[in-house]
Structures are given as C-alpha cells and as structure tokens.
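J.: Take this structure, written in structure tokens, and hold onto it; I'll ask about it next.
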Amino acid sequence: MTWLSRNIDLVLELTLEHLWLSLLPIVAGLIIAIPLGQLAWRQQWLRGPMLSLVGLLYTIPSLALFVLLPPILGIGYLSRANLIVALTIYAVALMTRFASDAFASVDSHVRQAAVAMGYDGWRRFWAVDLPLAGPVLLAGLRVVAVSTVSLVTVGVLVGIRSLGFLFTDGLQRNIPVEILTGIVMTVVTALALDALLVLLGRWLMPWSRDGRGRVAARRRRSPRAAVAR
Amino acid sequence: MIEFEGVAKRFDDGTLAVRGVDLVIPSHQVTVFVGSSGSGKTTLLRMINRMVEPTSGVVSIDGEDVAALDPVALRRRIGYVMQSAGLLPHRRVLENIVTVPRLNGMGRSEATELGLTLMDTVGLDRDLAGRYPNQLSGGQQQRVGVARGLAVDPNILLMDEPFGAVDPIVRADLQTELLRLQGELGKTVVFVTHDIEEAFLLGDQVVILADGGVIAQRGAPADILAAPASEFVADFIGADRGRRALRVEHRGGVAVVVDSNGRPAGVLTEDAAPS
C-alpha cells in the first residue's frame, strides 16, 4: 500500500487520461452508428448484410488495427489518434446494431400519428424518431461505454498512457499493488461512466420507464411550465 | 365538401383495398365509414390527408384535387384523431395538444393559452397539462387526442376508430362528448368504426363498406334501417337478427318496446325524449 500512497498523483493523472481516451470513441461511435443504424432499419434488404459486416469489425484484433491504421490514415503508430480511431471502430461495430434496433423499437402507431400531423421527414427524425429511440440507444451506449473503458488499456502496447500503464509497469517491476490498482481504477472508471449515462438518460428522457419515479415527483408542476421546456 | 370520384387503391402486395368509390361527404356533418376489417374504411379516410395515395381516381376538398396540394401543408390543416390516441409519449399533455400549431410556428405563450383552452373544450382538467401520456387513463388520452385534432381549428376532422381501445362506459362518455362538441363546432367529421351502433349514433351520413372497399349502402341511419339495400347490409346492421325489429307491448298502461326476442328495449313516450 505504500506504493499507492506514494503514487496517488500518478494514478489520478492516468485515470483522467483514461477517461478522456474513452469518451472520444464513445461519442464518435454513437454519432457514426446513428445514421448507419437508421439506414439498416429503413432498408430491410441492407439490414442483414450491413449489420454482419459492421459486426465483423469487432473481431479484428486490436494489435492488427494499431498496425494497419497508421499507414492508411497517415498518423504515427504511437499517436493517441491511432488508439482513438481503433476504439471508435469497435464502438461503431457494437453500436450500429443497437441503433438499428432502437429505431425499430419506435411504435409505428406513434410514427403514423406524427406523419398525420404534418411532420416532414427531417423534423420527424429529430422530434419523434430519435427521442423515442433514446431508451434503446442508451442501453447500447452503456455496453459500448464499459467495453471502451476496458479496451483503452491495450493502448499501452503502442505506448499510449492510460490505466493500462499500471499493468505493464507493475508487471515489469513486480509490484502487485500497482497491477491491482490498475484493475480497480479501470472498473471504477467504467462504473462511474455507466452511472453518468444512467443519470443523463433520466434527465433527457423523463418520460421513459427509467425516469418514471422522477416524473411522479414532478406532477405538480404548473401547467404553464410544461410548454416552456 | 369532400368528394371521391372513381377512387381505387391497390397496395404494393396486390390487395385491392378500395375499388371504384364515388362519394360526397357534405360539410359540417358527421360521415361515418363503417365496415369490418378489410373493408378499406381506414384506407379511404387516409386518402383525404394523403397518407395513402389512390391508385386511380380523384379525391378533392371543396373542388380542389388533394393530389395537387403539398401533403405536409394539407395534413397540418386537417385534424386527425387515431386509435389509442397516438400521442407522442415523450411530450407532455399540453405539448401534445399544441403540436401542430407549434409546427406552424405559433409562439410558446400563445400555444400554452390555446392548449389550456382546448383542455377545457374537451373536458380535461388543466392540472393534467404537465403529465406524460402514459400517466393518463385511456379515456383521458383519447380526449387529449381529440384536443390535438382540434388545435388548428380545422374545417375537417378525421377520426380513425378513435374510441376503439377504451372500455364501453368510457366510450359512451366520449361519444356523447363528441356529439356535444360537434353541436358547438360544426366540423366536417369523417369517422371510421367497425361498430354499427357507434355509426348510427354519431353519423348524419353512414357509409357501409363491404369487403374489398365497395360501398354497400350510404344514407341517413333511419333510411338505412328502413330499407337495407341488400342482404349484406341487413345482416351487417342486425336487421335479420331481430334486434332492429321492435314492437310495442302494453304493461299496465305503459307502452314497452321489445325486440323480436321479447327483450325490452325501452318505453314509448308521447313526446320525443329531450336529448
């Protein structure tokens, strides 16, 4: 434990670095997967082949990606961009199927009502399809978040510092506490991010099942406040 | 006035949902399309706001061919109420009601004012304004649906089995409420149902549709009862099952009306009962 007390600053620094390296691929993966998932949902003939193909990306070993990406993208092997792009690919691979399922989960009855009221395509997407796909998108994003946080550690193989550094360093110097700290902090980071997503979901989607308790507490809002949101 | 001229619809899968329908729907009255599933009643209804395009024939509103109108603009000036209300689950009651006025660019405070007034119109407590649809009963949701249909003060209100998913007592309530509203507002209402009782209760004109989108008979409820045009119609309105053939029996000086099975349907009074 003396190792931990002497290196607490290092652990915190690596945790923040780790979090940052995780967030970019998660957000980028979501943004890329939404249009892909929508396309797969709308074009039924495309759905099967497209989801299989995107899913296959997940099976590429990360080391192979680290070697393949730099010449293709013209970035350095040891750059953080290498790791971030690789993890974004994995995030897209996981998230596209969730996104497709999310759009399929929107009640067709509600969608028809939106058409009948005179929503045109683009507005219907932003105002109806996307928010109603939200609960399933969130469920998928939670899986992607946890997976990404754990994958960030492999970046240490190409010299990108994250909590993974504690694994290799602890191994080389034979400090079990250091390795353990790396594992615990990775799990804590994943859990913290997951909790954050759940809270974000409750805040953004108070109407969904997860947020029902909150809605009940807010029932007494004045009617005037309702439209102002 | 809404007019169908030689309207037919064949869906992509080959089903002929509607064939050769000619029909005039007069303004400021309730016209009810009634038929079993597969009779094309909803298809006909949806041709009015271009949610379904006819394969052939013309649908026109006040002489204007709807095919020449922008569908989005057309839909925003026609009220639409559907089964299970079709409310947006992620919008509060008030936001749901004023959806179309807001789409048309109405400001927030004006929309709030309008929404609360509409809640009064359809008999909803203003305290419900901030709730989400899944926190309402089926009957309340349906009232929100009606309020939303009325929000742009449309001349035409399309109602697609709006009371199909609520229990009989609530349905009777909503029907009475609709008749009261129609007495005040005088909209051109096109109402779809599979329930002949509901059709006769609500319709100024009732259009009975047979399988495959053919008009079996149309007319005022009393005229259809007096002279069913075919065996199909007689069967559909229940004339042959004796429910419609009523006779009078005298019990202690009171004229009791019974059906042909002897079940009492009511008593005969001198004057028409106040409605």
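J.: Can you give the relative contact order of the stretch A:2-228 as a percent, counting alpha carbon pairs under 8 Å and 6+ residues apart?
T.: 24
J.: Could you compute the FRET efficiency for A:L191 and B:E53, with r as their C-beta to C-beta distance and R0 at 41 Å, rounded to 0.05?
T.: After rounding, the FRET efficiency stands at 0.20.
J.: Ok, one more. Hey, any idea what the orientation-averaged projected area of the convex hull of the stretch B:119-212's Cα atoms comes to, in nm²?
T.: Details: hull surface 27.4 nm².
The number I arrive at for the stretch B:119-212 is 6.9 nm².
J.: So what's the net charge close to B:T15: Lys and Arg +1, Asp and Glu -1, counting the other residues with Cβ under 14 Å from its Cβ?
T.: 0
J.: Oh, and also: Describe numerically, in nm with one decimal, the distance between label points set 7 Å from Cα along Cα→Cβ at A:L39 and at A:T2.
T.: Taking the two extended label points, one gets 5.9 nm.
J.: In 10 Å bins starting at zero, report the fraction of Cα pairs in chain B per bin as a rounded %.
T.: Final binned percentages: 6, 26, 31, 22, 11, 3, 0.
J.: Could you order peptides A:168-176, B:138-146 by the average number of other Cβ atoms within 10 Å of their residues, highest first?
T.: Per-residue Cβ counts within 10 Å, averaged per peptide and sorted highest first, yield B:138-146, A:168-176.
J.: Across the Cα atoms of the stretch A:2-228, what radius of gyration and what greatest pairwise Cα-Cα distance (Dmax) are found, in Å?
T.: Values for the stretch A:2-228 (Cα only, Rg and Dmax): 21.0, 68 Å.
J.: According to the Kirkwood expression over distinct Cα-Cα pairs, how big is the hydrodynamic radius of the stretch B:163-223, in Å?
T.: The answer is 12.7 Å.
J.: Taking the Cβ of each residue in A:T96, B:T112, A:T59 as the centre, tally the other Cβ atoms inside 10 Å and list the residues starting with the fewest.
T.: Lowest to highest Cβ neighbour count: A:T59, B:T112, A:T96.
J.: Note down the relative contact order for the stretch B:2-241 as a percent, whole number, built from C-alpha pairs under 8 angstrom at least six residues apart.
T.: 28
J.: Let me ask you something else. Exposure proxy check: B:F11, A:F66 ranked by fewest other beta carbons within 10 Å?
T.: Ascending number of Cβ neighbours within 10 Å: B:F11, A:F66.
J.: Can you grab the distance from the C-alpha centre of the stretch B:71-88 to the C-alpha centre of the stretch B:25-48, Å, no decimals?
T.: Using only Cα atoms, the two centres lie 15 Å from each other.
J.: Give the order of B:I25, A:I8 when sorted by the count of other beta carbons within 10 angstrom, beginning with the fewest.
T.: By the 10 Å Cβ count, ascending, the order reads A:I8, B:I25.
J.: Calculate the mean, over all residues of peptide B:88-100, of how many other protein chain Cβ atoms lie within 10 angstrom of the residue's Cβ.
T.: Neighbouring Cβ atoms belonging to other protein chains average 6 per residue here.
J.: What Rg and what Dmax come out for the protein assembly as shown when only alpha-carbon atoms are used, in angstroms?
T.: My reading of the Cα-based Rg and Dmax gives 31.1, 110 Å.
J.: Still on this structure, please answer the following. What are the extents of the Cα atoms of the stretch B:10-79 along their three principal axes, in Å, largest first?
T.: So the three principal-axis extents are 30, 26, 20 Å.
J.: What does the average come to when, for each residue of peptide B:5-12, you count the partner chain Cβ atoms lying within 10 Å of its Cβ? Show your work: numbers first, answer last.
T.: On the way: counts 0, 0, 0, 0, 0, 0, 0, 0.
Partner Cβ neighbours, averaged per residue: 0.
All of the numbers you see were taken from the coordinates with simple rules; none came from a lab. Everything numeric here is computed off the predicted structure, so don't read it as measured data. Note: ideal-geometry Cβ built from the backbone for every residue, glycine included; neighbour counts use all protein chains shown.
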